[in-house]
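**Q** Got a structure for you, questions after.
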Amino acid sequence: MKIIYTDALIVGGGLAGLRSAIAAREKGLDTIVLSMVPVKRSHSAAAQGGMQASLANTVMGEGDNEDVHFADTVKGSDWGCDQKVARMFVTTAPKAIRELAAWGVPWSRIGKGDHTVVINGKKETITEKDESYGLINARDFGGTKKWRTCYTSDATGHTMLYAVANEALRRDVEIHDKKEAISVIHDSGVCHGVIVRDLINGELSAYVARGTMIATGGYGRIYKQSTNAIICKGIGTAIALETGIVELGNMEAVQFHPTPIVPSGILLTEGCRGDGGVLRDKDGYRFMPDYEPEKKELASRDVVSRRMIEHIRKGKGVKSPYGDHLWLDISILGREHIEKNLRDVQDIAISFNGIDPADEGEKGWMPVLPMQHYSMGGIRVKPTGESTTMRGLFCAGEAACWDLHGFNRLGGNSVSEAVVSGMIVGEYFTQYCEETHLNTNTSVIEAHLQAQIDYLAEILERDGGLNIFDIKDEMRTIMQEKVGIFRNGDDLLDAVHQLEDLLKKTKEITVESKSMGNNPGLNEVYRVTKMLKLALCVAKGALQRTESRGAHYREDYPKRDDMHWLKRTITTWPDTADTLPTVHYEEIDILEMEMPPAFRGYGSKDSLIPNPLSAQREEEIEQIKKSLETVNRFTVQEALLDFALPGNLKHKNERVGVGYA
Amino acid sequence: MPENENYREIEITVFRYNPQDKTSKPEYQTYTLTETPGMTLYIALIQIWSKMDHDLSFDFVCRAGICGSCSMVVNGKPRLACKTRTSEFEDGKITLLPLPVFKHIKDLSVDTGNWMNEMSKNLESWIHTQEETDLSRIEKPVDPAVAEEVFELDRCIECGICLASCSTKVMREDFVGAVGLNRVARFQLDPHDQRTDEDFYELVGDENGVFGCMSLMGCEDHCPKNLPLQTKIAYMRRKMVKVK
Amino acid sequence: MLNREYVTELLTGKDTTKHKSRMPARIDFLQSVSGLLLALFILFHLVFEGSILLGKEAMYRLTKMFEGEPFIEGGEPLIISVLAFIIFALFILHAGIALRKFPSSYREYRRYIEHKALLNHNDTNLWYIQITTGFIMFFLGSIHLYMMMTQPENIGPYASSDRIYSDWMWPMYLVLLISVVLHAGIGVYRLIIKWGWFDGKDPRGNRQRSRKIAKVLVGLYLLLGLASLGTYMKIGYEHQNDYGKRYVEQKK
Ligand SMILES: Cc1cc2nc3c(=O)[nH]c(=O)nc-3n(C[C@H](O)[C@H](O)[C@H](O)COP(=O)(O)OP(=O)(O)OC[C@H]3O[C@@H](n4cnc5c(N)ncnc54)[C@H](O)[C@@H]3O)c2cc1C
Ligand code: HEM
Ligand code: HEM
Ligand code: SF4
Ligand code: F3S
Ligand code: FES
């Protein structure tokens, strides 16, 4: 039996995992990062648009600070987020981006004086301050008050990931790639590591550590159409669920992005619209201003996605062999702008669709349709990043429900979250690893390892004749059609039943190759089984939540219901023999909020069932503010909501023109 | 599946071999499938894998030409499979081989990750500076044009195609290749990095580095990111020759 | 005595006390300089050889000029010997340095050949021509230069033609001509890329342009060389019965 010991074990080598690994190495811990693929190929590399941090360098970001970023994030989450976490996040984000700059991320910088931008479909000239010259630039992104999204052309995630990965290499973080964690080793409520399958030779081994972190990203691939990389199957989340102890939070909160290209599902960045691109229907008509007169194309993602589907349902979609779609038009930005700032978008459109988006008029329009994009849900953790129910198991990045995003994530907040949580959670995780001593006997580890060996052997013995690929396709279609952008009780109930059926059917499959070695057919069986469990968590959570909040939209319950549903959905899988998850709820306390629930600003005001506690808290806040005799925003903030951050992270952030104010 | 009879059949021939398995012998296997509009090699291979042969190994991650996982040799040319449309091949015959020069894993899958990590480490591909960064302070300003120039080189996705297209690399295992030389040029240009040309010389001033390149230009002509490898290798060579 | 630095290097594989040798840089530079000088030399050489196209008299005068006639009465062939020796030194230097680029084992050679065949990439193919022609020239060029060093007096409209035709040197010259023109042409094209001379604003376009110009030059020089060689052969043929007789100047 192969057992590998280390101090800190991190499963997942995306931005969150690698940044956490750096935190651990800084304290001298032996650190191993496991990844299914070479770490620089992690899905973080795909983030195009940018990273949010309230630097306020550009004139269009003037006046921005932690408070504005906080408000945008809370509003964006439809008040579903943990405001304490949001505060931790917005305070650290500027530091994160400055650290990345020092590590060499070639952020786009502010030029001298005047330059032309496209705002709301029209060319406008903006003039930058002299003292901002050479500082990090920002662009406009959906759902934000200020231009706050920092970027490197449209390869933001790529440049970030490479900088962080190289820094990890520099600190001798041990990277083991082509390794897949398939089960969590735990004993009396404490996590000791994971069982790992070597994807080159199929070998199983145990990785044992003082502390374990899961940073395995999202689970978008349970949907048929997704912008996610094909490895985003949520295996990390699923193995936590399978412990029977770990809780998953808000699994039904799934974000759909308005503009993936049809049919491949490759994302065209929000930057397209941020820079001034517009949506058009089959008549070439720009329809978003009709629905959202104020924010238009730059309304929050969930809103734009729903409006698009709504418009298609009115018969305004463009017919194609792949179903109806709409057009994204960026040709109005001009060839020069596209070739400089949206080159990857152009590259995608040309390579995959044969369309050059810089071509004027209809010829350059790109076919787009909303598709699954981001998983707000994940392993439920405390603000320190530790699982609410299992000691020694931490989680960060998209895999976690830390809960920064609530029911809808703002564009640009997730690569930011990945790095920021790597700094914060990474630090708490490191502390845990330093303080904890490995306290387990090998028999526990061996038992876990043996269980997985037996499990795989058992899969190879199955002989029901079904094909796992068919089961997977069916699952993904069900999720797409019944647990998608618009949801309703009947479909969701159907979906839950069908998915449960599929889960049972996985016992009746046959794998052709019986090899325990490199066997991609076998991989698919245990992966699809895990994905089905996550799909069930999503569907069941969605079925039970009889309201509409953020990205979760129930046609039969179109209102946000703060009276009954201001709570987090918690799913667990107590018994391996279960075929359905167990769901319960965690209250979100309005009286502890810095920003009590209010109207989010989309649709009509009566689309909300308010909670009287909101008004009560609002009043309380007024009282507190009055009693303070100061308007200093830091003092006020502190009085409203207390939060802690490790190390220097709570320091104030300097900004051009205003210093530390 | 084809509702339209006009869709043609294509033949995809794949190199099959599992070096881990003592009984496996290198062989070529041909699959015939119906081409659908806009089909890429990603779509085709997934179809082969899920419908015809569950045991076929290959690597895709982003399927969008941004992660560098899916490099393989397509009718002789190293390229990103996910970005290759089958309609490009008029006779409908496509032969796929794993990337040469890397450790072969199975079928079309090779180990690029470890090679690239080693390369990054050997070339110390990170910022070297004596300056302490105070994360609360305003960041150091950088000329926008310089930032852009660095970004241009930072776009490398470590796909390994330049190495697979380089005969020098094929002959000399220890050659760092265009990917490495480009990486060094990237840090040489970065204003955050305080290393001098003497320091860079220690990294690439030999036959495994810039002086090993014979200007064969396979890298330049195949790089899927169109990085300016030709000019940047020349740039590094000029810099390195001038080092006293 | 124990030399600590050397032993450290022996044991650790790296020399911590000194910086990396500058030799590779020098050598790489020398290769280019020697190649360029040789190429320039050939550029003129073939033109001078082509003087035969303008008639025996022109060629004769040129030869005499090289022998330094304006200053030395009747000319001094030793000058040619010295010149040939200098070129020979350069030639050997260049070849010696270039040797390090040759495949160093049969395995490397096979790997290159297979890879080249698989890739079928233009510049990679060109390199094959370059090493093959270099290899050929190593022998033929040495023979030629040896002759020029040892018998500098045997240059002239008739002497050269006799050598080429009656002494059966033309096959060698033919091969040498083709080799040297291709090698120099490709070599200079490679030099341009290697040092980024004409990158300009559009390095990709300019590379294609350089390649085209190199091709045209190679073609022109081949034509010129073949024409000259033909002329020497024609003269040699007509002159075969007077083999050995030297050309006499037409008028003073
Ligand atoms: C197309 C696209 C564009 C985006 N653009 C933006 C943007 O502009 N701005 C923004 O803020 N966000 C964006 N996002 C979201 C953002 O990219 C991700 O949320 C973020 O990068 C997640 O980082 P992560 O570190 O949590 O996970 P990932 O980067 O997904 O990394 C997951 C890691 O876990 C490993 N792994 C997974 N399972 C296992 C296992 N079982 N065993 C071992 N290892 C495993 C993987 O190999 C990988 O290394 C975008 C997302 C998509 C899909
Ligand atoms: C200083 C050195 C050299 C001298 C003096 C010299 C002289 C000559 C002369 C006199 C001829 C005419 C034929 C003859 O008389 O045999 C000739 C032909 C030729 N030389 Fe040289 N040569 C020199 C160096 C070289 C070198 C280095 C090369 C290439 C490697 C070269 C390639 C040729 C070729 C290809 C021809 C045939 C020309 C044709 O076909 O027109 N020579 N050379
Ligand atoms: C013994 C004879 C010769 C041999 C073996 C030889 C070999 C080579 C080789 C192998 C290269 C390629 C080096 C590389 O790819 O980095 C080269 C380059 C070159 N050769 Fe030669 N060569 C010879 C003679 C000549 C002659 C006679 C000329 C001039 C006409 C010449 C001009 C060049 C040039 C210009 C280059 C390019 C230099 C560079 O890349 O730095 N060579 N030679
Ligand atoms: S330089 Fe180009 S070809 Fe080479 S690894 Fe980078 S992206 Fe790939
Ligand atoms: S192909 Fe190889 S030889 Fe140099 S120019 Fe590119 S690295
Ligand atoms: S799969 Fe990512 S580049 Fe092809």
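**Q** Give the angle, between 0 and 90 degrees and rounded to the nearest 10, that separates the Cα long axis of helix C:23-49 from the longest principal axis of the Cα atoms of chain C.
**A** Between helix and principal axis, roughly 20 degrees.
**Q** As an exercise, use a Förster radius of 51 Å and the Cβ-Cβ distance of A:LYS145 and C:TRP197 to find the FRET efficiency, rounded to the nearest 0.05.
**A** Using R0 = 51 Å, I get an efficiency of 0.45.
**Q** Also: Can you grab the distance from the C-alpha centre of segment A:585-642 to the C-alpha centre of segment A:293-343, Å, no decimals?
**A** Taking the Cα centre of segment A:293-343 as reference, the centre of segment A:585-642 is 35 Å away.
**Q** Dimensions of segment B:145-243 along principal axes (Cα, Å, largest first)?
**A** For segment B:145-243, the Cα extents along the three principal axes come out at 34, 27, 17 Å.
**Q** Another question, then. Residues with amide H under 5 Å of A:TYR5's amide H, sequence separation 5 or more or different chain, H placed in the peptide plane at 1.01 Å from N; which?
**A** Here the answer is A:VAL208, since their amide H atoms fall under 5 Å of that of A:TYR5.
**Q** Okay, moving on. To the nearest whole number, what is the average tally of beta carbon atoms from other chains within 10 Å of the beta carbons of peptide B:36-43? Don't skip to the answer; put the middle values down first.
**A** Details: counts 2, 4, 8, 0, 3, 0, 3, 2.
Other-chain Cβ atoms within 10 Å of each residue's Cβ, averaged: 3.
**Q** How far apart, in nm, are the 7 Å Cα→Cβ label points at A:GLU339 and A:LEU493?
**A** 5.9 nm
**Q** Note the direction-averaged projected area, equal to a quarter of the hull surface, for the Cα convex hull of segment A:228-292, in nm². Present the calculation step by step, with values, prior to reporting the outcome.
**A** Numbers: hull surface 27.2 nm².
The directionally averaged projection comes out at 6.8 nm².
**Q** Pop a pseudo-label 7 angstrom from the Cα along the beta-carbon direction at both C:LEU53 and C:ILE178 and give the gap in nm to one decimal.
**A** With each label point 7 Å from Cα toward Cβ, the separation is 2.0 nm.
**Q** Per residue of B:141-149, how many C-beta atoms from partner chains lie within 10 Å of its own C-beta, taken as a mean?
**A** Working: counts 9, 10, 5, 10, 2, 3, 11, 6, 1.
Neighbouring Cβ atoms belonging to other protein chains average 6 per residue here.
**Q** Using only Cα atoms and rounding to the nearest 10 degrees, what angle (0 to 90) does helix B:113-122 make with the longest principal axis of chain B?
**A** Roughly 10 degrees between the two axes.
**Q** Separate question: Using just the Cα positions, wrap the protein assembly as shown in a convex hull and report its mean projected area in square nanometres, one decimal place.
**A** On the way: hull surface 221.0 nm².
Its average projected convex-hull area is 55.3 nm².
**Q** Based on the alpha-carbon set only, what is the convex hull volume of chain B divided per residue, in Å³? Provide the component values of the computation, followed by the final result.
**A** Working: hull volume 41.7 nm³, N = 244.
Given the Cα convex hull of chain B, per-residue volume reads 171 Å³.
**Q** Over all distinct Cα pairs, what is the inverse of the mean 1/r for segment B:9-109, reported as the Kirkwood hydrodynamic radius in Å? The partial results should precede the final answer.
**A** On the way: mean 1/r = 0.0730 Å⁻¹.
The Cα-based Kirkwood calculation yields 13.7 Å.
**Q** Extending each Cα 7 Å along its Cβ direction at B:GLU118 and C:GLU73, get the distance between those two points in nm, one decimal.
**A** According to this spin-label approximation, the distance is 7.4 nm.
**Q** Taking H as built 1.01 Å from N, whose amide H comes closer than 5 Å to the amide H of A:TYR585, not counting residues under 5 places away?
**A** A:ILE570
**Q** Would you please state which residues of segment A:125-156 a label at A:ALA71 would reach in this model, taking the label point 7 Å out along Cα→Cβ and a backbone N cut-off of under 19 Å?
**A** Residues A:140-149 qualify, since their backbone N sits under 19 Å from the label point.
**Q** To continue, here is another question. Just to confirm the number: angle between the C-alpha axis of helix B:229-242 and the first principal axis of chain B, 0 to 90 degrees, nearest 10?
**A** 30 degrees
**Q** Straight-line reach from A:LYS514: which aspartates and glutamates have Cα under 17 Å away, leaving out those fewer than 8 places along the same chain?
**A** The reachable aspartates and glutamates, counting only those whose Cα sits under 17 Å from A:LYS514, are A:ASP198, A:GLU203, A:ASP454, A:GLU458, A:GLU461, A:ASP463, A:GLU524, B:ASP21, B:ASP53, B:ASP55.
**Q** Please give the charge dipole size of segment C:23-239, origin at the Cα centre, charges +1 on K and R Cβ atoms and -1 on D and E Cβ atoms. Round to the nearest 20 debye.
**A** Taking the Cα centre of segment C:23-239 as origin, the dipole is about 1340 debye.
**Q** Mind jotting down the three principal axis lengths of segment A:1-62 based on Cα atoms? Whole angstrom, largest first.
**A** Projected onto its principal axes, the Cα set of segment A:1-62 covers 60, 27, 11 Å.
**Q** If I take all pairs of Cα atoms in segment C:23-239, what percentage of them are more than 26 Å from each other?
**A** Details: 9879 of 23436 pairs.
Taking all Cα-Cα pairs of segment C:23-239, the fraction more than 26 Å apart is 42 percent.
**Q** Okay, next question. How large is ³J(HN,Hα) for each residue in segment C:59-73, as worked out from phi by the Karplus curve 6.51 cos²θ - 1.76 cosθ + 1.60 (θ = phi - 60°), to whole Hz, x for Gly and Pro?
**A** Going residue by residue, I get 5, 4, 4, 4, 4, 4, 4, 5, 7, x, 4, x, 9, 10, 4 Hz, with x marking Gly and Pro.
**Q** Say the dipole of the protein assembly as shown comes from +1 at the beta carbon of Lys and Arg and -1 at that of Asp and Glu; which of A:ILE182, A:PRO574, C:LEU182 then lies farthest toward its positive end?
**A** Of the options given, the answer is C:LEU182.
**Q** Another one. When 1/r is averaged over all different Cα pairs and the result inverted, which Kirkwood radius in Å belongs to segment A:513-661? It would help to have the intermediate numbers written out before the result.
**A** Working: mean 1/r = 0.0499 Å⁻¹.
This gives a value of 20.0 Å.
**Q** With a cut-off of 13 Å, note down the residues of segment C:60-84 whose backbone N falls inside the zone around a label point 7 Å from the Cα of C:GLU249 toward its beta carbon.
**A** C:60-76, by backbone N distance to the label point.
**Q** Between A:ARG286 and A:TYR585, take the C-beta separation as r, use R0 = 56 Å, and let me know the FRET efficiency to the nearest 0.05. All intermediate terms of the calculation are to be shown ahead of the outcome.
**A** On the way: r = 41 Å, r/R0 = 0.74.
Here the calculated transfer efficiency is 0.85.
**Q** Roughly how many whole Å is it from the C-alpha centroid of segment A:112-177 to that of segment B:173-244?
**A** Taking the Cα centre of each part, segment A:112-177 and segment B:173-244 sit 27 Å apart.
**Q** Calculate how many DSSP beta bridges within the protein assembly as shown are antiparallel, expressed in % of all such bridges and rounded to the nearest 5. Can you show the working numbers first?
**A** Working: 70 of 101 bridges.
Of the beta bridges lying entirely in the protein assembly as shown, close to 70 percent run antiparallel.
**Q** Can you give the helix-only mean residue ellipticity at 222 nm for the protein assembly as shown, where every DSSP H stretch with n ≥ 4 adds -39500 (n - 2.57) and the sum goes over all residues, rounded to the nearest 500 deg cm²/dmol?
**A** On the way: 36 runs with 485 residues, N = 1157.
Estimated from H runs of four or more residues: -13500 deg cm²/dmol.
**Q** To continue, here is another question. If the elastic network links every pair of Cα atoms under 10 Å, which of C:HIS183, C:HIS115, C:HIS144 fluctuates the most in the Gaussian network model of chain C?
**A** Answer for the Gaussian network model of chain C: C:HIS115.
**Q** How large is the Rg to Rh ratio of segment C:124-252 when both quantities use alpha carbon positions and Rh follows Kirkwood? Don't skip to the answer; put the middle values down first.
**A** On the way: Rg = 18.6 Å, Rh = 16.8 Å.
Looking at segment C:124-252, the ratio lands at 1.11.
**Q** Report the one residue of A:HIS564, A:ALA238, A:LEU326 whose Cα lies farthest in the direction of the positive end of the charge dipole of chain A (charges on C-beta: Lys and Arg +1, Asp and Glu -1; origin at the Cα centre).
**A** Result: A:LEU326.
**Q** Shielding of B:199-212 by partners, i.e. mean partner chain Cβ atoms within 10 Å per residue? Numbers along the way, then the final one.
**A** Details: counts 1, 0, 6, 3, 1, 2, 8, 6, 6, 1, 2, 3, 9, 4.
Rounded to a whole number, the mean comes out at 4.
**Q** Grab every C-alpha pair in segment A:294-364, bin the distances at 10 angstrom width from 0 up to the longest one, and report whole percents.
**A** Percent of Cα pairs in each bin: 18, 38, 40, 4.
**Q** Divide the volume of the convex hull of the Cα atoms of chain A by its number of residues and quote the answer in cubic angstrom per residue.
**A** Details: hull volume 96.5 nm³, N = 661.
Per-residue hull volume (Cα only) is 146 Å³.
**Q** To continue, here is another question. Considering only chain A, what is the antiparallel percent among its DSSP beta bridges, to the nearest 5?
**A** Numbers: 52 of 79 bridges.
Taking every DSSP beta bridge with both residues in chain A, the antiparallel ones total about 65 percent.
**Q** Could you size up the charge dipole of chain A around its Cα centre, putting +1 on the beta carbon of Lys and Arg and -1 on that of Asp and Glu, and report it in debye to the nearest 20? Mind showing how you got there, number by number?
**A** Details: 79 positive and 94 negative charges, 169 e Å.
In debye, rounded to 20, chain A gives about 820.
**Q** Follow-up question, since we're still on this one. Using 0.36 nm per residue, how much length does the chain from A:GLU555 to A:ALA644 gain when fully extended, once their Cα-Cα distance is taken away? Spell out each step's value before the answer.
**A** Details: separation 89, 0.36 × 89 = 32.04 nm, distance 3.97 nm.
Roughly 28.1 nm would be gained on extension.
We did not get these values from a lab; they are worked out from the coordinates using the rules stated. As the structure is a prediction and not an experimental result, all values here were calculated from the model. Glycine also receives a Cβ, built like all others from the backbone with ideal geometry; neighbour counts cover every protein chain displayed.
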